[in-house]
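Student: My questions will all concern the structure given below.
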Amino acid sequence: MPSHDELPPVVSEMDPAFVSQAGAMLARAFETDPLFMHMFEQAQVREPGLRQVMGAMVRLCLAQGRVYASGDGQVQGCLCLQLPGKRASSWQTLKGWLPSFWNLGLLFARHGLRTKGLDALRLLDQLERNRPEQGHLYVEALGVDPGCQRSGFGRALLLRGLELGQGAGVRAYLETSREENVGYYERFGFQVVE
């Protein structure tokens with residue numbers, strides 16, 4: 001956390017020119033995430049695969065939601081949101097992900113991982129079905145560069161997103177595959193729902 005003398009990290013809507021930088025930073029932030037370690041078991045596939053997935057997610061959220069970034073000239077933290085009532089149709093979502101799935105398919109095939117692409121599609125479908133029916137702000141991703149974690153970036157980003165949800169009169173929803181993240185999110189008012 002920043003000391004009392006330091007200002008909190010500045011959070012602003014991300015400029016689309018920073019998509020690649022945000023995708024790369026999120027890839028680093030999620031490199032040891034259990035879900036992505038399963039999806040990209042081989043280390044040589046994980047980094048390029050995560051860059052594809054995260055870059056596509058940032059582009060989709062820029063087009064269909066909101067993306068906030070923090071950092072001084074570099075993306076050191078990023079929050080990707082889907083707005084209530086702005087949920088894309090399955091076709092729009094698939095169309096947005098198609099180039100990345102194509103590239104991931106090529107990456108998986110090169111390394112003999114053909115079944116992982118189908119696993120990813122099944123997982124996305126399951127996550128979509130688990131989301132609440134009522135309007136909500138969906139936290140697609142919150143990530144901070146590993147070298148900047150525990151410096152207030154995640155907190156500043158998440159608070160900006162929660163303010164957006166409060167202004168719209170809706171609650172926020174997110175998923176995490178790390179048990180240790182549950183307590184962190186509970187401090188912001190999130191509750192475990194199964």
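Student: Based on the inverse mean of 1/r over its pairs of different Cα atoms, what is the Kirkwood hydrodynamic radius of segment 150-194, in Å?
Tutor: Values: mean 1/r = 0.0876 Å⁻¹.
Value: 11.4 Å, from the Cα pair sum.
Student: What does the charge add up to near P16, with Lys and Arg as +1, Asp and Glu as -1, over the other residues with Cβ less than 15 Å from its Cβ?
Tutor: 0
Student: Using the Karplus curve 6.51 cos²θ - 1.76 cosθ + 1.60 with θ = phi - 60°, work out ³J(HN,Hα) for each residue of segment 163-178 in order, rounded to whole Hz, and write x for Gly and Pro.
Tutor: Result, rounded to whole Hz: 4, 4, x, 4, x, 8, x, 10, 8, 9, 9, 8, 10, 9, 9, 10.
Student: In what sequence, highest mean first, do 16-23, 185-192 appear when ranked by Cβ atoms within 10 angstrom? Mind showing how you got there, number by number?
Tutor: On the way: 16-23: 17.5, 185-192: 11.9.
So the peptides 16-23, 185-192, ranked by packing, come out 16-23, 185-192.
Student: Taking 7 Å along the Cα-to-C-beta vector as the label spot, tell me the A17-D72 distance in nanometres, rounded to one decimal.
Tutor: 2.0
Student: Need one number: convex hull volume per residue for segment 1-81, Cα atoms only, in Å³. Before the final figure, lay out the partial values.
Tutor: Numbers: hull volume 8.5 nm³, N = 81.
With only Cα atoms used, segment 1-81 gives 104 Å³ per residue.
Student: Here's something else I'd like to know. Report the extension gain between F188 and Q149 in nm, rounded to one decimal, defined as 0.36 nm multiplied by the number of residues separating them, less their alpha carbon distance.
Tutor: Values: separation 39, 0.36 × 39 = 14.04 nm, distance 1.71 nm.
Extending this stretch completely gives an extra 12.3 nm.
Any read-out appearing in this document is the output of simple, stated calculations on the displayed coordinates, not a laboratory observation. Source: prediction; values computed, not measured. Reconstructed Cβ throughout: ideal geometry from the backbone, glycine too, with neighbour counts over all protein chains shown.
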